[in-house]
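**Q** One structure is given below, represented as structure tokens, and several questions about it will come after.
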Amino acid sequence: MLHPMGWDAFGMPAENAAIERKRHPMEWTYSNIEQMRAQLKQLGYSYDWSREIATCDASYYKHEQAMFLQMLERGLAYRKRAIANWCEHCQTVLANEQVEDGQCWRCANPVVMKELLQWFIKTTAYAQELLDGHAKLDWPSSVITKQKNWIGRSEGAEIRFAFDQPVAGEASFTVFTTRPDTLYGVTFVSIAAEHPLALELAKGGANEAEVRAFIERIRIEHRTKRDDGDVDKQGIFTGRYAIHPLTGQSVPIWIANFVLMDYGTGAVMAVPAHDERDFEFARKYGLDLKVVIQPEGVAALDVTTMKTAFTDSGVLVGSGAHDGLPNEAAKSAITAELVGKSVGKATISYRLRDWLVSRQRYWGSPIPVIHCPTHGVVPVPEKDLPVLLPQDVVITGEGGSPLARHASFVNTTCPTCGEPARRETDTFDTFVESSWYFERYTTPREENRPVDPERARGWLPVDLYIGGEEHAVMHLIYARVWHYLMMDLGYLPKDTAREPFSKLVCQGMVCQEAFYSTDPQNPAHKTWCYPEDMELRDGKRFTKDTGLELHSAGVVKMSKTKRNVVDPDEVVAKFGADAVRLFVLFAAPPEGQVDWSEAGLEGASRFLQRVWRLVRDRRDVLVATQPFAGGALEGAARDLRRMTHRTIDRVTRDLGDRMQPNTGIAAMMELVNALYSFKADGEVDRAVVREAIDVLISLLSPFAPHIADELSEALGGQGNLLAKGWPALDADALREDTIELPVQVNGKIRGRVIVAPAADEATVLAAARADANVAVYLEGKALKKVIYVAGRILTLVV
RNA sequence: GCGAGGAUGGCGGAACUGGCAGACGCGCUGGACUUAGGAUCCAGUGCCGUAAGGCGUACGGGUUCAAGUCCCGUUCCUCGCACCA
């Protein structure tokens with residue numbers, strides 16, 4: 001088993017700390033690692049620290065630089081212009097979550113959309129494989145669904161429309177549609193403002209200036225306002241027409257703000273009678289509608305009275321030879337007609353975009369390319385890797401990337417011609433590091449390649465991957481793609497498991513109620529308050545320092561920002577690592593959220609103390625007693641031993657396939673309760689108790705390793721408990737002589753009878769009739785039906 | 001709007017394939033021991049009822065001898081996507 005730990009250490013938190021605290025990201029990062037490593041060790045996790053990695057170490061990131069160069073060579077990574085959030089004041093690109101109400105999170109200046117040359121990895125090449133791979137995965141269905149939506153496969157057709165006259169040398173353009181069945185209902189076409197031909201269409205026309213202004217406005221507004229969801233539909237007529245590929249009619253070409261350039265072909269055929277967006281647009285601008293699908297069994301649609309587009313299924317009308325066809329069948333029929341006339345074809349479109357991996361930031365792995373005035377983009381030769389991130393920089397957060405101002409980093413020579421050249425100053429998105437760290441864990445000290453292929457294949461795939469559901473799409477898509485890429489680039493053998501994560505469990509967060517106060521001068525600004533800085537007055541909470549009233553933000557994920565955190569060092573000092581571990585495991589099933597509670601923690605601690613006293617109070621007797629070795633038992637001793645072995649069974653399954661440690665802990669608590677109730681009387685009884693306690697200690701050790709080791713030693717155990725192995729289940733001990741069987745009459749429990757577990761129906765029925773209370777309900781009635789589920793229930797119907 | 005998941009005592013949660021709803025813990029109530037108890041131990045704790053008994057797994061219906069579990073509809077909550085043609 002491989003149970004490694006490491007540090008995803010590049011990225012914004014360190015860079016922000018550098019800006020705010022005037023500390024170097026490297027120093028800040030490594031001091032955090034030190035502290036967190038100590039905390040994890042204190043909690044007693046069984047990590048293999050010999051495999052520890054930190055992604056900000058050049059010995060790690062140099063391999064992703066090498067892999068990226070391979071991708072570049074094979075065309076799986078490339079550079080193109082793309083639109084990004086840009087703060088003019090800070091001269092930097094912002095992530096979407098750094099844009100607040102259209103303003104920069106740091107300087108509150110407006111954020112604009114700017115086109116920059118950016119680096120991409122071709123995730124779209126794997127769109128279909130990402131979907132097909134889902135069949136092999138034992139993952140939560142919610143995660144699979146999210147990935148499917150993210151990838152967004154849709155089947156449809158590409159259809160070529162000719163221009164009335166060539167535009168910039170082009171005779172035609174192509175649209176993508178999922179509704180070829182509505183093709184005869186096209187009354188206009190819409191193209192994106194970013195479409196290369198958008199401006200060309202208007203050139204020389206009467207309203208060229210207007211169209212130009214419209215395009216400029218939409219290009220800037222387009223993305224920033226998309227978050228609002230409900231942006232008004234806007235468009236402008238280009239003055240030009242397209243020729244319908246089947247009817248030959250002329251339809252006007254519009255530019256519309258809701259058409260996206262980076263999906264499909266950036267142009268759509270508009271069928272306002274059968275598409276909500278086109279309907280809204282057509283009504284706004286007074287464009288024609290044409291009905292080509294009629295619903296069956298209701299009044300015919302009338303374009304003059306329609307209040308909404310008709311998007312359900314029906315039968316084709318006004319569609320030439322296709323009239324009368326159900327619209328589903330018409331999709332392929334019309335596509336076939338298009339193919340026959342060489343003006344279209346069936347195609348599949350995906351929402352998934354290529355992965356933008358460049359960031360104009362300091363704290364990340366440099367992208368290993370050089371820009372030469374003569375030779376353009378030149379990869380850094382592999383022998384020159386890694387491109388080290390320079391340490392001697394000043395980070396202010398303003399004026400763009402510090403790397404761009406670092407002369408000795410930027411100024412270099414072209415590997416091809418040796419002339420002066422400029423080094424790329426963008427760094428990788430941190431999702432790059434997290435996309436292959438699990439591969440690296442298999443052989444973390446390989447010097448000259450990312451992994452040792454044979455050994456990596458041996459370890460992979462990851463049998464059980466545990467992570468938060470927030471990684472459902474981005475990380476878990478990128479990591480799958482990177483694994484495919486490593487296989488396809490030859491870093492892993494061809495027979496390596498194609499999917500990197502077999503089973504995925506999304507664990508819940510640790511949560512606690514968070515409180516904030518608002519400044520009367522500036523009510524929008526929340527100041528979060530630590531629990532120790534609060535005081536209670538008249539049932540309300542106030543801050544100790546400013547005296548402002550506090551408001552609850554509810555029970556939310558612990559975060560330093562919201563100050564609803566607990567210091568692991570403090571709780572470990574107070575309750576011990578074992579109690580903390582036990583509490584977290586007991587409070588909820590793994591996928592559920594844990595609400596932090598001091599009372600719950602005390603409960604866990606109380607249980608451990610109960611176990612401790614159980615051993616301490618009987619220590620001398622226990623040490624002098626050998627555990628029960630087998631043989632006949634009766635009465636309470638037999639019951640206790642059955643309980644012991646049932647607990648082995650339950651805990652084993654709860655830690656295994658069921659993956660429900662909370663119920664396993666409950667089982668151990670029941671065993672402890674039974675041990676407290678048991679009165680040991682005589683040698684055999686004591687042997688059974690000794691066995692039960694030995695078992696309890698072993699079962700407890702994965703949950704509370706420190707106390708388990710301590711107790712084992714107190715009872716004369718030698719060495720590590722782990723070496724002793726897991727307790728063996730004695731199936732014989734589980735057997736019961738008699739059971740209490742509930743008896744129902746007409747669906748209600750009316751009595752219980754004591755019978756042998758395998759008693760036959762006649763015996764059980766006789767016993768039931770003999771039960772006084774059952775007899776009351778059977779009195780004077782004919783027995784219509786008897787249902788006997790052996791070992792479970794007897795139901796009588798009268 | 002679309003998609004996914006969920007709703008069980010005062011609280012966190014159990015209940016494995018339809019078969020005794022509420023395991024275990026927290027909290028609460030009473031008692032014991034104690035100078036003391038926020039330690040420990042014992043008892044109780046879904047709701048109504050003195051009891052017998054009745055009612056109970058968001059709400060309304062259905063299938064079944066039997067439903068927290070299966071089916072249909074409704075409400076609410078959480079998450080994701082949100083002009084993707």
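The values are calculated or read from the model by the stated rules, or taken from the named source; none is laboratory data. Given the structure is predicted, the values throughout are model-derived calculations rather than measurements. Positions of Cβ are generated from backbone atoms using ideal geometry, with glycine treated the same way; all protein chains shown enter the neighbour counts.
**Q** Just to be sure I understand, how many residues within region A:230-258 are within 8 Å of RNA strand B (Cβ to nearest atom), out of contact with any Phe, Trp or Tyr (no Cβ under 8 Å at 6 or more places or on another chain) and either in contact (Cβ under 8 Å) with a residue 40 or more places away in the chain or at positive phi (or both)?
**A** Residues meeting the conditions: 1.
**Q** Turning to a different aspect of this structure: Scan region A:533-560 for residues that are out of contact with any strand residue (DSSP E or B) (no Cβ under 7 Å at 6 or more places or on another chain) and either within 23 Å of residue A:32 (Cα to Cα) or in contact (Cβ under 8 Å) with a residue 40 or more places away in the chain (or both) and jot them down.
**A** Hits for region A:533-560 are A:559, A:560.
**Q** Among the residues of region A:464-489, which ones are more than 16 Å from RNA strand B (Cβ to nearest atom) and either assigned to a helix (DSSP H, G or I) or without any contact (Cβ under 8 Å) to a residue 12 or more places away in the chain (or both)? Can you show your working first?
**A** Pass one, region A:464-489, residues more than 16 Å from RNA strand B (Cβ to nearest atom): A:464-466, A:479-489.
Across region A:464-489, the qualifying residues are A:479, A:480, A:481, A:482, A:483, A:484, A:485, A:486, A:487, A:488.
**Q** Suppose we filter region A:349-373 for residues that are surrounded by fewer than 19 Cβ atoms within 10 Å (Cβ to Cβ) and modelled with pLDDT of 95 or more; how many remain?
**A** Looking only at that region, the number is 2.
**Q** Inspect all residues belonging to region A:643-663 and state whether any of them is crowded, with 20+ Cβ neighbours inside 10 Å, closer than 30 Å to residue A:138 by Cβ, more than 8 Å from RNA strand B (Cβ to nearest atom) and among the small types (Gly, Ala, Ser).
**A** No; the residues of region A:643-663 include none that is crowded, with 20+ Cβ neighbours inside 10 Å, closer than 30 Å to residue A:138 by Cβ, more than 8 Å from RNA strand B (Cβ to nearest atom) and among the small types (Gly, Ala, Ser).
**Q** Still on this model: Looking at A:1, A:5, which is the one that is over 17 Å from residue A:61 (Cβ atoms), surrounded by fewer than 15 Cβ atoms within 10 Å (Cβ to Cβ) and either within 24 Å of the chain's Cα centre (by Cα) or free of Cβ contacts under 8 Å to residues at least 40 places away in the same chain (or both)? Lay out the reasoning, then the answer.
**A** Working: A:5 fails: surrounded by fewer than 15 Cβ atoms within 10 Å (Cβ to Cβ).
Residue meeting the stated conditions: A:1.
**Q** Of the residues A:346, A:330, only one is small (Gly, Ala, Ser), in contact with a helix residue (DSSP H, G or I) (Cβ under 6 Å, 6 or more places away or on another chain) and crowded, with 19+ Cβ neighbours inside 10 Å; which? Please lay out each step first, then the result.
**A** On the way: A:346 fails: crowded, with 19+ Cβ neighbours inside 10 Å.
The unique qualifying residue is A:330.
**Q** Could you list, in sequence order, all residues of region A:411-439 that are free of Cβ contacts under 8 Å to residues at least 40 places away in the same chain and either assigned to a helix (DSSP H, G or I) or on the phi > 0 side of the Ramachandran plot (or both)?
**A** Within region A:411-439, A:418 is the sole residue that qualifies.
**Q** Is it true that residue A:52 is among the charged types (D, E, K, R), surrounded by fewer than 18 Cβ atoms within 10 Å (Cβ to Cβ) and more than 17 Å from residue A:389 (Cβ to Cβ)?
**A** Details: among the charged types (D, E, K, R): yes; surrounded by fewer than 18 Cβ atoms within 10 Å (Cβ to Cβ): yes; more than 17 Å from residue A:389 (Cβ to Cβ): yes.
Taking the combined requirement at face value, the residue satisfies it.
**Q** State whether the residues of region A:177-187 include one that is on the phi > 0 side of the Ramachandran plot, out of contact with any strand residue (DSSP E or B) (no Cβ under 7 Å at 6 or more places or on another chain) and within 16 Å of RNA strand B (Cβ to nearest atom). Break it down stepwise before answering.
**A** Residues of region A:177-187 on the phi > 0 side of the Ramachandran plot: none.
No, there is no match, as no residue in region A:177-187 is on the phi > 0 side of the Ramachandran plot, out of contact with any strand residue (DSSP E or B) (no Cβ under 7 Å at 6 or more places or on another chain) and within 16 Å of RNA strand B (Cβ to nearest atom).
**Q** Suppose we keep only residues that are of a type in the set (A, V, I, L, M, F, W, C) and surrounded by 21 or more Cβ atoms within 10 Å (Cβ to Cβ) within region A:562-584. Which one would you say is nearest to residue A:701 (Cα to Cα)? If you could, list the steps in order and put the result at the bottom.
**A** Pass one, region A:562-584, residues of a type in the set (A, V, I, L, M, F, W, C): A:565-566, A:571-573, A:575, A:577, A:579-580, A:582-584.
Filter once more, so that each one left must be surrounded by 21 or more Cβ atoms within 10 Å (Cβ to Cβ): A:577, A:579-580, A:582-583.
Working: A:577: 13, A:579: 12, A:580: 14, A:582: 11, A:583: 14 Å.
Filtering region A:562-584 for residues that are of a type in the set (A, V, I, L, M, F, W, C) and surrounded by 21 or more Cβ atoms within 10 Å (Cβ to Cβ), the one nearest to residue A:701 (Cα to Cα) comes out as A:582.
**Q** Is it true that residue A:461 is of a type outside the set (A, V, I, L, M, F, W, C), more than 16 Å from RNA strand B (Cβ to nearest atom) and farther than 15 Å from residue A:52 by Cα? I'd like the intermediate steps shown before the answer.
**A** Numbers: of a type outside the set (A, V, I, L, M, F, W, C): yes; more than 16 Å from RNA strand B (Cβ to nearest atom): yes; farther than 15 Å from residue A:52 by Cα: yes.
The answer is yes for residue A:461.
**Q** Can you find even one residue in region A:202-209 that is loosely packed, with under 15 Cβ neighbours inside 10 Å, part of a helix (DSSP H, G or I), away from RNA strand B (no atom under 13 Å from the Cβ) and not basic (Lys, Arg)?
**A** Yes.
**Q** Hey, another quick one. Here's a check for you: in region A:330-357, which residue that is among the β-branched types (Val, Ile, Thr) and outside any loop (DSSP other than H, G, I, E, B) is farthest from RNA strand B (Cβ to nearest atom)?
**A** Of region A:330-357, the ones among the β-branched types (Val, Ile, Thr) are A:334-335, A:339, A:343, A:347-348, A:357.
With the extra rule that they be outside any loop (DSSP other than H, G, I, E, B), the set shrinks to A:334-335, A:339, A:347-348.
Working: A:334: 13, A:335: 12, A:339: 17, A:347: 11, A:348: 10 Å.
By that ranking, first place goes to A:339.
**Q** Has region A:773-781 got at least one residue that is in contact with a Leu (Cβ under 9 Å, 6 or more places away or on another chain) and either part of a strand (DSSP E or B) or of a type in the set (Ser, Thr, Tyr) (or both)? Reasoning before the result, please.
**A** Taking region A:773-781 as the starting set, the residues that turn out to be in contact with a Leu (Cβ under 9 Å, 6 or more places away or on another chain) are A:774, A:777-778.
Applying the additional criterion that residues be either part of a strand (DSSP E or B) or of a type in the set (Ser, Thr, Tyr) (or both) yields A:777.
Yes, region A:773-781 has at least one match.
**Q** Of all residues in region A:726-759, how many are more than 15 Å from RNA strand B (Cβ to nearest atom), at pLDDT 90 or above and not in a helix (DSSP H, G or I)?
**A** Of the residues in region A:726-759, 4 are more than 15 Å from RNA strand B (Cβ to nearest atom), at pLDDT 90 or above and not in a helix (DSSP H, G or I).
**Q** Criterion first (part of a helix (DSSP H, G or I) and either over 30 Å from residue A:707 (Cα atoms) or within 16 Å of RNA strand B (Cβ to nearest atom) (or both)) does residue A:542 satisfy it? Spell out the reasoning first.
**A** Details: part of a helix (DSSP H, G or I): no; either over 30 Å from residue A:707 (Cα atoms) or within 16 Å of RNA strand B (Cβ to nearest atom) (or both): yes.
So residue A:542 does not fit the description; no.
**Q** Out of region A:283-312, which residues are in a loop (DSSP other than H, G, I, E, B), surrounded by 12 or more Cβ atoms within 10 Å (Cβ to Cβ) and either on the phi > 0 side of the Ramachandran plot or not β-branched (Val, Ile, Thr) (or both)?
**A** Residues satisfying the conditions are A:287, A:288, A:289, A:290, A:295, A:301, A:306, A:309, A:310.
**Q** Looking at region A:760-794, which of the residues that are surrounded by fewer than 15 Cβ atoms within 10 Å (Cβ to Cβ) and of a type in the set (Asp, Glu) is farthest from RNA strand B (Cβ to nearest atom)?
**A** Looking at the filtered set, the residue picked out is A:760.
**Q** Sticking with this one: Check region A:643-661 and report whether any residue there is within 30 Å of residue A:531 (Cα to Cα) and either at pLDDT below 95 or of a type outside the set (S, T, N, Q) (or both).
**A** For region A:643-661, residues within 30 Å of residue A:531 (Cα to Cα) and either at pLDDT below 95 or of a type outside the set (S, T, N, Q) (or both): present.
**Q** Here's something else I'd like to know. Any idea which residue in region A:386-402 is modelled with the highest pLDDT, counting only those that are buried (at least 20 other Cβ atoms within 10 Å of the Cβ) and in contact with a helix residue (DSSP H, G or I) (Cβ under 7 Å, 6 or more places away or on another chain)?
**A** Filtering first and then ranking leaves A:387.
**Q** Still on this structure: Somewhere in region A:311-329, is a residue closer than 26 Å to residue A:234 by Cα, without any contact (Cβ under 8 Å) to a residue 12 or more places away in the chain and away from RNA strand B (no atom under 15 Å from the Cβ)?
**A** For region A:311-329, residues closer than 26 Å to residue A:234 by Cα, without any contact (Cβ under 8 Å) to a residue 12 or more places away in the chain and away from RNA strand B (no atom under 15 Å from the Cβ): absent.
**Q** Give A:614, A:608, A:585, A:633 a once-over and let me know the one that is within 13 Å of RNA strand B (Cβ to nearest atom), over 16 Å from residue A:670 (Cα atoms) and either of a type outside the set (Val, Ile, Thr) or assigned to a helix (DSSP H, G or I) (or both).
**A** Numbers: A:614 fails: over 16 Å from residue A:670 (Cα atoms); A:608 fails: over 16 Å from residue A:670 (Cα atoms); A:633 fails: within 13 Å of RNA strand B (Cβ to nearest atom).
After ruling out the rest, the residue left standing is A:585.
**Q** Next question. Taking interchain pairs and intrachain pairs at least six residues apart, which have beta carbon atoms under 6 angstrom, with the first residue in region A:634-659 and farther than 19 Å from residue A:693 by Cβ and the second among the β-branched types (Val, Ile, Thr) and within 15 Å of RNA strand B (Cβ to nearest atom)?
**A** From residues that are farther than 19 Å from residue A:693 by Cβ, the pairs are A:654/A:663.
**Q** Then there's this: Can you pull out the residues in region A:173-187 that are part of a strand (DSSP E or B) and buried (at least 24 other Cβ atoms within 10 Å of the Cβ)?
**A** Start the filter on region A:173-187 by keeping residues that are part of a strand (DSSP E or B), which leaves A:173-177.
Answer for region A:173-187, where residues must be part of a strand (DSSP E or B) and buried (at least 24 other Cβ atoms within 10 Å of the Cβ): A:175, A:177.
**Q** Across region A:259-305, what is the number of residues that are in contact (Cβ under 8 Å) with a residue 24 or more places away in the chain, touching a strand residue (DSSP E or B) at 6+ places or on another chain (Cβ under 7 Å), of a type in the set (D, E, K, R) and away from RNA strand B (no atom under 11 Å from the Cβ)?
**A** Adding up the residues that qualify gives 0.
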